[in-house]
1. Over the chain, average the accessible area per residue using a 1.4 Å probe and give it in Å², no decimals.
2. By its C-alpha gyration tensor, with a ≥ b ≥ c as the square roots of the eigenvalues, how is region 337-418 shaped: rounded for a/c under 1.5, else prolate for a/b larger than b/c, else oblate?
3. Using the alpha-carbon atoms, what tilt in degrees (0 to 90, nearest 10) does helix 417-426 show relative to the longest principal axis of the chain?
4. If the viscosity is 1.002 mPa s and the temperature 20 °C, what translational diffusion coefficient in µm²/s does Stokes-Einstein give for region 488-611 when Rh comes from Kirkwood over Cα pairs?
5. Peptides 521-530, 465-474: what's the order by average Cβ count within 10 Å, highest mean first?
6. If you take the square roots of the eigenvalues of the alpha-carbon gyration tensor of region 263-363 and sort them as a ≥ b ≥ c, do you get rounded (a/c under 1.5), prolate (a/b over b/c) or oblate?
7. Just tell me which lysines come within less than 23 Å, Cα to Cα, of Lys723; anything on the same chain fewer than 8 places away is out.
8. Kindly express, to the nearest 10 degrees and within the range 0 to 90, the angle between helix 209-223's C-alpha long axis and the longest C-alpha principal axis of the chain.
Amino acid sequence: MSTQAVSLTLTPDARQWPPERDAPVVVLALARTSVERGLIDELVNGLRERTGSDDIELTYEVERALELAAPANLPITPVGVAWLPADQESGRSLRTSDLLALGDPLHPNLRQQRRILDRSPDRCRVIIGEAASRAELAARWERHSGSSPDSQDFGRFVLRQARITLDRAERAMLGARYKTARDIVEDLVASRRFRSGAEELAATLGRSPDDVVAEARTALDELASVQQPLARDLWVQMARYLWSRAYYADVDQHSIEQLRELNQRYPLVFLPSHKSNLDGFVMAAVMYDAGFPQNHVIGGKNMGFWPLGMLGRRVGVVWIRRSFSGDAVYKFALRRYLAHLASKRFNLEWYIEGGRSRSGKLLPPRLGLLNYLARGVEEAEVDDVMLVPVSIVYDRLSEVLGMTAELRGAAKRPEGLRWLLGYARQQRHAQGRVQVRFGEPVALRAGLAAAGKQAGGRSLALSKVAFEVCTRINRTTPVTPISLVTLALLGVDGAAVTLEQIERSLRPMVDYVMRRGLPGGESLEPLRGSEGVIRVLGTLTEHGVVEAYGGAESVYRISPERELAAAFYRNVVIHWFVSRSIVELALVAAAESGGQDPMGVALAEALRLRDLLKFEFFFSEKAQFEAELRDEVALIDPAWRAHGGAGLPDLARTLAASGGMLAGRVLRSFVEAYCIVADRLVAHGGAAVTEDEVVGQCLVVGRQYLLQRRIASAEAVSSELFKTGLRLAANRKLLDGEPSALGGDRAALLGELRDVLRRLELLVSWDQKHRLRRESELGPNGVPHPAARPS
């Protein structure tokens, strides 16, 4: 056993090693076993012999290192031993022995170290960290803690600094993906800013600072994860096992490279959309394959069951309590922990929506964690943090039917080991692509500063930043063939349609996507032919979303029981069609008005609709929104404004010729759901109501109205849509208030919604008449009859 076969590795910024003759140095050795001590002893003794110098002092005790360095302010050089995995290039594969022993090839035990030196000495490295003088370390300590270097904690701080610099040397060998969060809690609690913040909180709560620090320390121990390289490898292999049998990944590599460069200057906070329980596992594999360090993922404790809880804690998952609204100390610990990770340039990750979207549409952002991070970053004076919007889109999902059943009142299955095994079994069959796209990052502090200059204060500024992140998630979400086919099928009121009819509905939609240059457009080309449409219909039929019936010719339909499932796929991309749908409704209002300013009427109606739907969709700022409306009008008919606005018959032909009528397919379910909410509020007269009470009633009455055909869309019977309708009612102060006025105001909302619904029905009837007329003009192969051809 000799260091002659052991390589020497320096940190990129380490001082010259070995030191020059007559250059005294103190070596602080960090060793776990007698083998590592022997390697370091032999290295230093050999160095003394070669240089003929007795000025190289070796110690394994930090207090002794500080004593030796103090008189002449000598540099202290950390030295340690690293052990490389057996197959560093291809990565380690999951072994049963690893799982049973929880061993780590990067930290072998004494017997394993001896065997490695005998058989593979090239796997052992003596690593040298960056040296620092005692005065430099003392200055760092005073800046960090506000205490003098005479305190007992100074030695522990120096030891932490030595570990960090040796970690850098080890990471230089293993790659950036193995960045380790070491001693985070100890470093944070020792900091001056943490102590000062705890004292301020203690004064507010009327408690002693020591009690608050102790409670916060307990919370930090609960939150802190201890990243281990082996655990990350195992986590990623488990993640791939869960999703890679069902999906192949399509990742935006160009954005990955841009993020890698940005990560050199700022910590990144990845904020993915959340449609599936697979999202976190997909992100883990994507980040690993890209060579990024492990994100500190914020997860709810409900997912912290064995083995996810145990293994997740070792890879950087921060398991937080599901509810802590009244716990000021826990909130303080959480925000300081997030900020401390950011200050050390560790990347973070959580879902900006909070939970999974069971409707497929991007949900409103939850501001809690973002607020804690923003406050912590300001308190810790971190330069800035870059928020990275992430869109994750699956061609199809096995869990859609279960999620949509919950929207109609079905109980959610609790998470646990049995649930995990069943969920893994669902991913056995090929289900297409999972597309991962990264939007343009948002600078948190800069965004807050820019938004804060406007009226509304910090709360509104934070909302604007979160809103911008969501807008950029939508902006990078690709249109998929399944989403477009479900959009076409949801516009025929549950009727069965032929392949030819579906193709005729799809062609103008594909053209619209192409004309706008929307992401994913290239994948829609197969929908211009029968084979591509048949392939998508086969997939939807196989997954129980579409029913197929073979009579004289095959016909397809979405049954009322499956409309929510179909709507999930459509809603993933619905935001791309909302402005067009609003324009259609606004043009109907303008044509009905018969006034002298049709565009003014149309704009006023569009803004009213924007206000009505603002809790459902992410709209641009007013000026940008108006520009988007003008672009949509230009796509429909560039000359519409010039010729003063069409009458209703002309408008119907214009919309049909421009790519079909989309408003009924896109907005009707939302407006019908809102009508049901307003209907139930009117039924309560002027009495105050609660959300749970109204949602329960809406689910029952909505089913009744569907059976009576008082509403046309089965997807309108959804607890998620009813809750959004209640947000609109609450915004208009219709849930409680003065009883004498409440009844009339609720009735006014119902009347407003019914008027929108009337125009939607008008557009739907135009669309149906247009399709019938086209079918009468075309033969069985889509070729015009001779009598229908123009002379």
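1. Numbers: 34000 Å² over 791 residues.
On a per-residue basis, the chain sits at 43 Å².
2. Values: a/c = 2.63, a/b = 2.38, b/c = 1.11.
Taking the square roots of the gyration eigenvalues as a ≥ b ≥ c, region 337-418 is prolate.
3. That works out to roughly 60 degrees.
4. Numbers: Rh = 16.5 Å.
Stokes-Einstein gives a translational diffusion coefficient of 130 µm²/s.
5. Working: 521-530: 15.6, 465-474: 21.6.
Result, highest mean first: 465-474, 521-530.
6. Here region 263-363 falls in the rounded category.
7. Lys275, Lys361, Lys412, Lys464, Lys614, Lys733
8. 70
The values are calculated or read from the model by the stated rules, or taken from the named source; none is laboratory data. The structure presented is a predicted model; accordingly, all values stated were derived computationally and were not measured. Every residue, glycine among them, receives a Cβ derived from its backbone with ideal geometry; neighbour counts consider all protein chains shown. Surface accessibility is based on the protein's heavy atoms, side chains included, excluding ligands, DNA and RNA. Shrake-Rupley method; radii C 1.70, N 1.55, O 1.52, S 1.80 Å.
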